[in-house]
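Input: a single structure, listed below in structure tokens.
The values are calculated or read from the model by the stated rules, or taken from the named source; none is laboratory data. Quick caveat: nothing in here was measured; it's all calculated off a predicted structure. Reconstructed Cβ throughout: ideal geometry from the backbone, glycine too, with neighbour counts over all protein chains shown. Surface accessibility is based on the protein's heavy atoms, side chains included, excluding ligands, DNA and RNA. Shrake-Rupley method; radii C 1.70, N 1.55, O 1.52, S 1.80 Å.
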Amino acid sequence: MSGTRHLVLLALIATSMVGLSCGCVVESGLTTAKAAAASACGVSQADLLSMTISDEYNTGSPKFCTSACGTAVAAWLRKYADDGSCDNEADYRELKTLRDMQLECNPPQPECNDAYLDYIFFLQSTEGQACIAATHTMRSSALQADYAAYCTSDCVTTINTHLQAMYDAGCGSWPAFLNAKRQAALSCSKVSGTYCEAEHISAAALIADGKNTSLSKTERTTALQQVCSACFYELQRVQAAYKDALLLDDGEGDLCIRHNNIYCRVEAETIEAALALETLTEDEYLNQYADRMCKASLSRCAQKLWAYEANQHVTSSARKTKLNEYLSRACIHHQEDGSKLCAGIMSDIVSGTYTEDATTPSATCDADDVSGGCAEPPECRVWSDPDVCSFGCSSVVNTEVTRVGCCLNAMRELHLAVTTDTTATNALFARLRFLSDSCCARQSSACAVGLRVACTTRSAEEILALTITSPSFDWISNNEEVFQTAAINDIALNLGLLPQNVDLTTFTESAVNGTVLEFTIRTESSEDSTQIRTVLDNLIDTDRLVLHHIEASYASRCKPGVTSGCTSAAFLVTTQPLTLLVAVLIALLSTLVL
């Protein structure tokens, strides 16, 4: 039965892809990903695509259903573009079928297999084959009329019936069920009468341009201005509900993140491309990256991108650690002058100003050398009396310590957390730290201040409120722990914050048949809080709020086709404390359509 089942699923692959076929696009690292999958699954690379699930018909591969094997195969599959360009590649099709088989592993209830087989039998039937043919037709034409014909046909009604049966059998969290539900949801998602998948397919060339880093910033921005429609965000909401559970990533989730009409990914990749052309040490690269990404016009862009990537299930643990460090420290400012970025202030120190040997400029001095070895500052090269720092040295150290303020220790912490050569990083910061600790200790009357501790990055708090009309207050109360975690992660993702800087303080039943969420955010300054409040208003006003984790929480807990108290609906927002609530912005988040 298993082999027949997957012949049917193979036929469905072409119906579940969004895009145009114009040459298979493969990311770098395909060979490495394949080798990693072979290792995780305990088979040779030659045998990878012949692995099978263990059932009554097959002995199966011992590690096929393990988490490690599934994660590795999913990572391998993600190296192929999920835009339809690889549909005709035999290896890709076999790999996609293999991954679909893995989704059938470990059904939560015995009845799930029977309900799922009933679904497969329907797809094999004459009626089911006609439905598959109809999806081929509509995706080939990308015509709204063809989508309307399919999405109002008995095909959708029958598929919903089978999905309902799987849900009723206790299969709501089963990846096989979620995959089928996702495909159905993508097919008929709609905004203001427009079928979004059709629009997405028609925009395939523009989407490719938006991703293409070889094009100019202007060309990419022009393409994205046409791509980033209400339908695009709706499809991302649908994808968000399933991508963590299915280990998917279409590479488009951050494509339309923007701030003040700046497309953030385009700006970030432009900066990264420019830095790649420069000859920089690891520390210099990090400092330049922070300085350029955190300029006033881009800082919120940078933080929204970092928060998005850090919230993705497919992001590695090491990468998440780095992204969280960026969010925590990369964009901090001098405590005395909030207009000055620490990264800019520290550029000369990170470039090695205080590490150069006086006699051999290419060599590195010992940070505590006071016999002439260290070139900078010139006034501090020699102490005639080791116990008495000269007035000239203490004076220049005082000036420099005041200039760098809390930035030296803050950026040192960032660099030590992110760079790989901690010895080299420590050397960059060691000279000024030594002079401040040693010279100023001897000449305290000449040093007004010592080196500040690392800047406080979250000194301001702001209370915001969000009123949601779905899920119901009862549902939230019954799923409080799940909902609270999901809501905090979503707020952080959309606003460019670390989850630990968001607290969901209360949720109460609203008089308008919804739930009022009150939450506190912690930011670097009151100005930063104001900017974030504006960001939230704008996201709601333009219907670009994507509730990634909340949608995912609902997906496995809601019956197919049910909208009340389950799938996302209307969201009302205010960015004022509840006691000051005067007016709200209203944005409708379309119900997921199966």
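Assorted remarks:
- Among residues of the stretch 187-205, those that are closer than 21 Å to residue 222 by Cα and of a type outside the set (Asp, Glu), counted: 8
- If only residues of the stretch 156-177 that are among the hydrophobic types (A, V, I, L, M, F, W, C) and surrounded by fewer than 22 Cβ atoms within 10 Å (Cβ to Cβ) are counted, the one that is farthest from residue 193 (Cα to Cα) is 169.
- Residue list for the stretch 29-47, filter: in contact (Cβ under 8 Å) with a residue 40 or more places away in the chain, among the small types (Gly, Ala, Ser) and surrounded by fewer than 17 Cβ atoms within 10 Å (Cβ to Cβ): 29
- Take the conditions (1) under 18 Å from residue 554 (Cα atoms); (2) touching a strand residue (DSSP E or B) at 6+ places or on another chain (Cβ under 9 Å); residue 531 misses just one of them, which is (1).
- Whether a residue is within 30 Å of residue 318 (Cβ to Cβ), open to solvent by 10 Å² or more (accessible area, probe 1.4 Å) and either part of a loop (DSSP other than H, G, I, E, B) or in contact with a helix residue (DSSP H, G or I) (Cβ under 7 Å, 6 or more places away or on another chain) (or both) was assessed, and residue 413 passes this test.
- Total residues in the stretch 500-525, condition open to solvent by 60 Å² or more (accessible area, probe 1.4 Å) and aliphatic (A, V, I, L, M): 2
- Only listed residue being open to solvent by 30 Å² or more (accessible area, probe 1.4 Å), of a type in the set (Gly, Ala, Ser) and in contact with a Gly (Cβ under 9 Å, 6 or more places away or on another chain), chosen from 61, 50, 54, 85: 54
- Considering the stretch 183-242, the qualifying helices (runs of 4 or more DSSP H), each wholly inside and each with 2 or more residues that are open to solvent by 10 Å² or more (accessible area, probe 1.4 Å), of a type in the set (D, E, K, R) and touching a helix residue (DSSP H, G or I) at 6+ places or on another chain (Cβ under 9 Å), run over 204-211, 217-227.
- Test: residue in the stretch 375-385 that is of a type in the set (D, E, K, R), in a helix (DSSP H, G or I) and open to solvent by less than 40 Å² (accessible area, probe 1.4 Å): no
- When residue 528 is tested against the conditions (1) at pLDDT 90 or above; (2) crowded, with 21+ Cβ neighbours inside 10 Å; (3) charged (D, E, K, R), the lone failure is (1).
- Enumeration of residues in the stretch 297-344 that are of a type outside the set (A, V, I, L, M), touching a residue at least 24 places away in the same chain (Cβ under 8 Å) and under 21 Å from residue 71 (Cα atoms): 308, 309, 311, 312, 313, 321
- Scope the stretch 387-410; condition open to solvent by less than 10 Å² (accessible area, probe 1.4 Å), closer than 22 Å to residue 328 by Cβ and part of a helix (DSSP H, G or I); matching residues: 404, 407, 408, 410
- Condition met for residue 325 (at pLDDT 90 or above, open to solvent by less than 70 Å² (accessible area, probe 1.4 Å), not in a loop (DSSP other than H, G, I, E, B) and not hydrophobic (A, V, I, L, M, F, W, C)): yes
- In the stretch 416-435, residue nearest to residue 355 (Cα to Cα) [restricted to those that are surrounded by fewer than 22 Cβ atoms within 10 Å (Cβ to Cβ) and hydroxyl-bearing (Ser, Thr, Tyr)]: 423
- Options 564, 553, 472; residue that is of a type in the set (Ser, Thr, Tyr), open to solvent by less than 30 Å² (accessible area, probe 1.4 Å) and modelled with pLDDT under 85: 553
- Among the candidates 134, 142, 148, 74, the residue that is at positive phi, open to solvent by less than 60 Å² (accessible area, probe 1.4 Å) and not polar (S, T, N, Q) is uniquely 142.
- Verdict on residue 126 being at negative phi and buried (at least 19 other Cβ atoms within 10 Å of the Cβ): no
- Any pair with Cβ under 8 angstrom, 6 or more apart, that starts in the stretch 426-442 at a residue that is closer than 14 Å to residue 407 by Cα and modelled with pLDDT of 90 or more and ends at one that is open to solvent by 50 Å² or more (accessible area, probe 1.4 Å) and part of a helix (DSSP H, G or I): 429/412
- Of the listed requirements (1) buried (at least 17 other Cβ atoms within 10 Å of the Cβ); (2) farther than 13 Å from residue 412 by Cα, residue 345 misses just one: (2).
- Qualifying residue in the stretch 353-368 (condition: outside any loop (DSSP other than H, G, I, E, B), open to solvent by less than 50 Å² (accessible area, probe 1.4 Å) and either free of Cβ contacts under 8 Å to residues at least 12 places away in the same chain or farther than 30 Å from residue 496 by Cβ (or both)): yes
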